[in-house]
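The values are calculated or read from the model by the stated rules, or taken from the named source; none is laboratory data. Note that the coordinates shown come from a computational prediction; the quantities given were computed from them, not determined experimentally. Because the Cβ atoms are built from the backbone with ideal geometry, glycine has one as well, and the counts that use them run over all protein chains shown. Areas reflect the complete protein model, heavy atoms only, side chains present, ligands, DNA and RNA absent. Shrake-Rupley method; radii C 1.70, N 1.55, O 1.52, S 1.80 Å.
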Amino acid sequence: MLRPASAALLLTLSLIGCADDRRAERLKAAGPNPTLEKLMTVADAKAGARLFGTCAACHTSSAGGPDTGGPNLHGIYGQPIGQHSARFGYTAALRAKGGVWDDKALDAWIANPQRFVPGTKMQFSGIPDPLARADLIAYLRSLSD
Ligand code: HEC
């Protein structure tokens, strides 16, 4: 069960390693110990689109795309948690979470799905890098514009 998640993590690390994405410049602009709000002001949806390669093992992001290992994520930003896809079999844990997928919820989820929603079946260990998470959130948001 852990294998897809480990593979995904390795892919994330290699993606972060390859594409510089003006990280140093953007982090500098965000200031020391940036809040999520600050990081979102320097987040780059294009960098996020590249990082989404990690998520694509289980998710499609195109409009009307199929549910695969996880639900299709097109337009997920701003939607109620655990209800976006009518066809996908969400866990009771995710359906019961409540709230919507805003910056804060997505950040906590992508950092550590199991901590945000204990009992979720999203087998993904999480992305520790706050700027990478902000980039992914910017990308997901761009799919709702
Ligand atoms: C190993 C497969 C897998 C990977 C990799 C994965 N996910 Fe998921 N994801 C799932 C599953 C399964 C669910 C449904 C979880 C549940 O029902 O508890 C889910 C649910 C979600 C949801 C909630 C959708 C909704 O309709 O409420 C979001 C948002 C999400 N994933 C984002 C991501 C992002 C962003 C990444 C990459 C950083 C990612 N996922 C990587 C399998 C995966």
Practice prompt. Give A63, A47 a once-over and let me know the one that is more than 9 Å from the ligand (Cβ to nearest atom) and over 30 Å from P32 (Cα atoms).
Written response: A63
Fill in: Total residues in the stretch 93-119, condition open to solvent by less than 50 Å² (accessible area, probe 1.4 Å) and in contact (Cβ under 8 Å) with a residue 24 or more places away in the chain
9
Item to complete: May I ask you to verify whether I110 is within 6 Å of the ligand (Cβ to nearest atom), of a type outside the set (S, T, Y) and part of a helix (DSSP H, G or I)?
Response: yes
Worksheet entry | Qualifying positions in the stretch 66-92 - near the ligand (Cβ under 6 Å from one of its atoms) and either open to solvent by 50 Å² or more (accessible area, probe 1.4 Å) or out of contact with any helix residue (DSSP H, G or I) (no Cβ under 9 Å at 6 or more places or on another chain) (or both) | G69, P71, H84, S85, Y90, T91
